Amino acid sequence: MAEKQNTPEIRFEGFTDPWEQRKWSEYVSISTDMVDPRSGNYDNLPHVGPGNMESFTGRLYDNVNTVKDDALISGKFHFNPGDIIYGKINPQLGKYTYAQFEGLASADAYVLNGKNGLTQEFLFGILQTKAFFDYSVSVSMRSGMPKINRDELNAFEFLAPNESEQRAIGDILLKLDDLITLHQRKHDKLCTLKKSMLDKMFPKPGETEPEIRFEGFTDPWEQRKLGDCFEFLKNNTLSRADLNGENGTARNVHYGDILIKFGDCLDGERSDLPFITDDTVLPKFAGSILREGDVIFADTAEDEAAGKCVELRKLPKEPTISGLHTIPARPRFPFGSGYLGHYLNSDAYHRQLLPLMQGIKVISVSKAALQDTQVRFPGLSEQTAIGAALSEIDNLITLHQRKLELLRNIKKSLLDRMFV
């Protein structure tokens with residue numbers, strides 16, 4: 001029975017020995033190598049602190065500066081490639097990284113190294129387990145700033161196998177991290193590419209045509225008031241609490257869906273949209289049932305995202321109605337598929353809304369304000385080409401998002417099942 005309890009749910013083939021109880025103080029070294037950053041010996045080295053680490057991923061943000069640039073004056077911990085840096089402030093934020101270079105670590109972090117047969121790869125895995133997270137959070141709760149001190153770390157106990165099994169576990173987790181980082185970089189590059197395309201494919205204020213155009217398109221762009229291009233539809237004011245149930249007469253698009261769930265265009269059937277279960281609602285909105293080509297603005301947000309828009313390109317089979325804090329609109333004449341979703345969310349259009357927004361904690365934009373804004377568009381063929389190009393980038397972004405979610409779920413499962 002004891003052996004069964006001291007082994008993880010899944011193991012690599014060939015490993016059968018029970019895991020042994022270990023105490024942090026006996027197997028993990030917490031560096032005391034604090035140096036003076038003012039000496040000039042470390043000026044060109046990077047300075048890493050909790051604020052440079054992405055929570056729960058081990059990744060570093062692109063905001064790491066050199067020691068000289070940060071103008072450091074107090075003692076910092078010197079670290080080397082292969083050391084582990086763990087943020088001791090607010091352990092619930094999950095700040096840790098496996099160093100790939102030499103540098104100085106903030107005094108708000110610990111530099112960790114395994115010893116007496118505990119490998120670095122396995123130690124890095126321990127920091128990511130639920131057992132360590134729960135412990136670090138439980139002992140760090142105190143008045144003022146939550147943090148875990150050296151004595152509390154040294155008191156942590158864990159189970160570990162022999163070095164060979166440790167390396168096998170650590171290696172697969174690090175390989176997953178590499179794959180996650182690869183897809184994250186591709187995702188980020190695509191997002192940057194899309195932002196650049198949005199900036200260059202629509203005319204800037206005061207200009208009559210965009211910076212770049214597809215070959216063969218030379219006709220001037222039109223400019224008209226949004227109110228001349230769209231008719232506004234009715235929206236309902238049902239809250240999420242009023243949309244319970246698995247079946248109903250219609251689906252509902254809530255402003256939160258537009259701000260968080262959707263991109264520029266709604267391309268899926270979105271069976272996850274909640275049902276309106278009140279049978280009296282649908283007849284009231286029979287003339288405002290959404291259809292492909294309509295756009296919906298979120299009229300409120302906690303920031304300047306107010307006015308974010310989604311173009312509807314595919315809808316659920318059930319009738320769909322625009323919901324709380326939304327402004328649904330229907331084009332008065334055809335637009336190229338994908339054009340409106342991308343254009344109405346671009347800076348070229350959205351910056352018009354900024355001076356029209358009202359509120360402090362909650363920002364809103366009105367229907368009256370929207371209808372007086374200016375809409376710019378080329379001929380239908382060029383609209384379609386623009387929509388198709390930007391939608392293809394969206395598809396690639398979504399592809400990498402899904403791969404990231406899959407890889408993160410695999411890693412979470414391994415952390416849950418490969419450690420005791």
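See the values below:
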quantity	calculated
Residues of the stretch 98-134 that turn out to be of a type in the set (Phe, Trp, Tyr), open to solvent by less than 30 Å² (accessible area, probe 1.4 Å) and touching a residue at least 40 places away in the same chain (Cβ under 8 Å), as a count	3
Residue check for residue 193: touching a residue at least 40 places away in the same chain (Cβ under 8 Å), within 26 Å of the chain's Cα centre (by Cα) and closer than 23 Å to residue 55 by Cβ	no
Condition met for residue 9 (more than 35 Å from the chain's Cα centre (by Cα) and open to solvent by 70 Å² or more (accessible area, probe 1.4 Å))	no
Test: residue in the stretch 254-277 that is in contact with a helix residue (DSSP H, G or I) (Cβ under 9 Å, 6 or more places away or on another chain), of a type in the set (Val, Ile, Thr) and not in a loop (DSSP other than H, G, I, E, B)	yes
Looking only at the stretch 103-120, and only at residues there that are within 28 Å of the chain's Cα centre (by Cα) and among the hydroxyl-bearing types (Ser, Thr, Tyr), the one that is farthest from residue 40 (Cα to Cα)	110
Residue within the stretch 314-333 that is buried (at least 18 other Cβ atoms within 10 Å of the Cβ), hydroxyl-bearing (Ser, Thr, Tyr) and within 25 Å of residue 372 (Cα to Cα) present	yes
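The values are calculated or read from the model by the stated rules, or taken from the named source; none is laboratory data. All values derive from a computational prediction rather than experimental measurement. Note that we place each Cβ from the backbone using ideal geometry, even for glycine, and neighbour counts take in every protein chain shown. The accessibility values were calculated without ligands, DNA or RNA, using every heavy atom of the protein model including side chains. Shrake-Rupley method; radii C 1.70, N 1.55, O 1.52, S 1.80 Å.
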